[in-house]
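Below: one structure, written as structure tokens.
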Ligand code: BTN
């Protein structure tokens, strides 16, 4: 990964740039990385705060020959790759909150945005956006994020080398991507579960078709979240925002 790198001092959103490059036919593994985003995007049309020189704001273009239904698994692969990179470089172990949040002490340190260019039966490109809060100080976060976001520097009390972290992250992403292409999601499931916070807990899943409250049982070999509601019925959730009670 990252043989083709587009390094930008400032951009509106690496995700937007990567979408354009993918449409123009860029190779598998193309990386777009920026020092600052002026209009970083999160899930559900949220803003992703991306101040200069403090974080890792990157989007990777992947071109697996797979059906579009597999795309959500890439969020889980990315989460495992990020969690291990943080563990290796910072010596702390983050929690993964299904599907796409990485937390330290209950606050967000990384968000993952997996988007798709596809026709009905095959993926043309996956645009995997990763935003990691690395060296922000508390004052660098807008006030409304103080209770919900943090950085690796705040949590470890140390300045973290962003280049070491990116290097390790790309190595991990490539490793897990290759395992996944060869053997599917099943071999990565245990690893994912070892970081998961929500399993066994009471949660509320907010989906587009309504809320489901119950116990998070685990994920399937396909990476789908299983919840047992209080009537004992089991639901498989493909996409939701999760609140841990
Ligand atoms: C989320 O948790 O809502 C996902 C956040 C994803 C943010 C990253 S930063 C790099 C890439 N470019 C963007 O505009 N967004 C993603």
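Annotations
- Taking the conditions (1) within 14 Å of the ligand (Cβ to nearest atom); (2) buried (at least 23 other Cβ atoms within 10 Å of the Cβ); (3) under 20 Å from residue 32 (Cβ atoms) in turn, residue 77 satisfies each one other than (1).
- Cross-chain or 6+ apart pairs with Cβ under 7 Å, region 103-116 first and more than 19 Å from residue 129 (Cα to Cα), then away from the ligand (no atom under 14 Å from the Cβ): 104/92; 104/155; 105/155
- Residue in region 2-15 that is part of a helix (DSSP H, G or I) and either at pLDDT below 95 or within 11 Å of the ligand (Cβ to nearest atom) (or both) present: yes
- Considering 93, 50, the condition of being in contact (Cβ under 8 Å) with a residue 40 or more places away in the chain, in the same structural domain as residue 168 (by TED's automatic domain parsing) and farther than 30 Å from residue 227 by Cα is satisfied by 50 alone.
- Within region 221-235, considering residues that are under 20 Å from the mean Cα position of the chain (by Cα) and over 14 Å from residue 75 (Cβ atoms), the one surrounded by the most Cβ atoms within 10 Å (Cβ to Cβ): 226
- Residue, surrounded by the fewest Cβ atoms within 10 Å (Cβ to Cβ), within region 190-220, restricted to residues that are part of a strand (DSSP E or B) and without any contact (Cβ under 8 Å) to a residue 12 or more places away in the chain: 210
- Some residue of region 142-154 being within 16 Å of the ligand (Cβ to nearest atom), surrounded by 15 or more Cβ atoms within 10 Å (Cβ to Cβ), at negative phi and in a loop (DSSP other than H, G, I, E, B): yes
- Selection within region 22-63 - farther than 26 Å from residue 150 by Cβ and more than 13 Å from the ligand (Cβ to nearest atom): 22, 23, 24, 25, 26, 27, 28, 29, 30, 62, 63
- Within the option set 76, 66, being in the same structural domain as residue 109 (by TED's automatic domain parsing), over 18 Å from residue 166 (Cβ atoms) and over 17 Å from the mean Cα position of the chain (by Cα) holds for one residue only, 66.
The values are calculated or read from the model by the stated rules, or taken from the named source; none is laboratory data. Model, not experiment: these values are computed from the prediction. Positions of Cβ are generated from backbone atoms using ideal geometry, with glycine treated the same way; all protein chains shown enter the neighbour counts.
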